[in-house]
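Coordinate-derived values only; no laboratory data. As the structure is a prediction and not an experimental result, all values here were calculated from the model. Neighbour counts run over all protein chains shown; Cβ positions are idealised from the backbone, glycine included.
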Amino acid sequence: MCFYELRYHPACGHTAERLVRYCHGARTDPYHKCYGPKQRDREVTIENVKCPQKSCGGPPVSGPEQD
């Protein structure tokens, strides 16, 4: 099992996974393939950092109220 970190961006609501460490099988495989299930090592809330997803325009901007 490879260990991943779940990063949550509360401003836009996106989440992203980041590899924290490889399992023994993936470390010894020449292509670092892991054939086991993903193990979530930790969850992190990221504040004041731009979202890494290209489709994200950032936090939703609330404009003037329209009646």
Residues listed by number, the range 25-39, amide nitrogen under 13 Å from M1 label point at 7 Å toward C-beta: 36-39
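Averaged across orientations, what area in nm² does the convex hull of the alpha carbons in the range 3-45 project?
Mean projected area of the Cα convex hull: 3.2 nm².
Which loop-located chymotrypsin sites (Phe, Trp or Tyr not before Pro) does the range 1-36 contain, where loop means any DSSP state but H, G, I, E or B and the Cβ has at most 13 other Cβ atoms within 10 Å?
Passing sites in the range 1-36 are Y31, Y35.
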Pairwise label distance in nanometres, A11 with V44, each label 7 Å out on the Cα-Cβ vector: 1.6
